[in-house]
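**Student:** Below is a structure I'd like to ask you about.
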Amino acid sequence: MIKASIPLCAAVLLAACASSPQGPSASAQLMATKGNTVTGEVAFTTQADGVRVSGEIRGLAPNTEHGFHIHEKGDCSSGDGMSTGGHFNPTAKAHGAHDHSEHHAGDLASLKADANGVARFSYTTTALSVGMGATDVVGRGLIVHRDPDDFKTQPTGNSGPRQACGVINRS
């Protein structure tokens, strides 16, 4: 009986390890900037193949797209999100789409709101790190913009005003 249960226990332990983070993680609580209603939560989880970025943003206009970026400073004190500074760009690259080779480390995938004004997302990127190196997101600002990112205008993507702001903290 004991010999038969050893493989089962090993399988359960392997499954538990596979679903847990393989390194440090961080998160941000997004709060609406002055005059806006956008809020949300975002997690940055280190995995073997990169950093998983996942979350949910609420209060967006229904069926719209929004620029979403990590900014230089973890400071949301200005009320309009401008105190976060420019896009996080430690590798001095041009602004662009997160899934192309040329982009700021802080260029995240655009948010796509559903009919209820909610954007849910989960993807993995190798452009970021959590807790170490030049591309470390900890202590940085996280911004939801009003407009879609055009992925061309330098250095911002012409994404418009900042609707929500959060600080990325180590979990």
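**Student:** Could you tell me which residue of region 39-76 is surrounded by the fewest Cβ atoms within 10 Å (Cβ to Cβ), considering only residues that are of a type in the set (Ser, Thr, Tyr) and over 13 Å from the mean Cα position of the chain (by Cα)?
**Tutor:** Our first condition is that a residue be of a type in the set (Ser, Thr, Tyr); within region 39-76, this holds for 39, 45-46, 54, 64.
In the following step, the residues that additionally are over 13 Å from the mean Cα position of the chain (by Cα) were identified as 39, 64.
Values: Thr39: 18, Thr64: 15.
My answer is Thr64.
**Student:** One residue is enough: does region 125-132 have a residue meeting the conditions modelled with pLDDT under 95, within 16 Å of Asn89 (Cβ to Cβ), in a loop (DSSP other than H, G, I, E, B) and among the aliphatic types (A, V, I, L, M)?
**Tutor:** yes
**Student:** So the check is Cβ under 8 Å with 6+ separation or different chains; which pairs have a first residue in region 150-164 that's touching a residue at least 12 places away in the same chain (Cβ under 8 Å) and under 11 Å from Gly86 (Cα atoms) and a second one that's of a type in the set (A, V, I, L, M, F, W, C) and surrounded by fewer than 12 Cβ atoms within 10 Å (Cβ to Cβ)?
**Tutor:** Note: no pairs meet the criteria.
**Student:** I need the full set of residues from region 46-67 which are in contact with a strand residue (DSSP E or B) (Cβ under 9 Å, 6 or more places away or on another chain) and either over 18 Å from Val130 (Cα atoms) or without any contact (Cβ under 8 Å) to a residue 12 or more places away in the chain (or both), in order please. Step through it out loud before you land on a result.
**Tutor:** So in region 46-67, the residues in contact with a strand residue (DSSP E or B) (Cβ under 9 Å, 6 or more places away or on another chain) come out as 46-47, 49-60, 63-67.
Across region 46-67, the qualifying residues are Glu56, Ile57, Arg58, Gly59, Leu60, Asn63, Thr64, Glu65, His66, Gly67.
**Student:** Still on this structure, please answer the following. Does region 118-141 contain any residue that is surrounded by fewer than 24 Cβ atoms within 10 Å (Cβ to Cβ) and more than 26 Å from Pro24 (Cβ to Cβ)?
**Tutor:** yes
**Student:** Among the residues of region 21-38, what is the count of those that are loosely packed, with under 15 Cβ neighbours inside 10 Å, β-branched (Val, Ile, Thr) and under 19 Å from Gly139 (Cα atoms)?
**Tutor:** Residues meeting the conditions: 0.
**Student:** OK, next. Based on this model, can you work out whether Gly96 counts as crowded, with 17+ Cβ neighbours inside 10 Å and more than 17 Å from Thr39 (Cβ to Cβ)?
**Tutor:** Values: crowded, with 17+ Cβ neighbours inside 10 Å: yes; more than 17 Å from Thr39 (Cβ to Cβ): yes.
When the stated conditions are applied, Gly96 passes them.
**Student:** Taking interchain pairs and intrachain pairs at least six residues apart, which have beta carbon atoms under 8 angstrom, with the first residue in region 74-88 and within 18 Å of Gly35 (Cα to Cα) and the second basic (Lys, Arg) and loosely packed, with under 15 Cβ neighbours inside 10 Å?
**Tutor:** Gly79/Lys34; Asp80/Lys34
**Student:** Checking Ile143 against (1) without any contact (Cβ under 8 Å) to a residue 40 or more places away in the chain; (2) of a type outside the set (Phe, Trp, Tyr); (3) part of a strand (DSSP E or B): exactly one of these is not met. Which one?
**Tutor:** (1)
The values are calculated or read from the model by the stated rules, or taken from the named source; none is laboratory data. Only a predicted model underlies this, so the values are computations on that prediction, with no experimental measurement involved. Don't worry about glycine lacking a Cβ; one is built from the backbone with ideal geometry, like all the others, and counts go over all protein chains shown.
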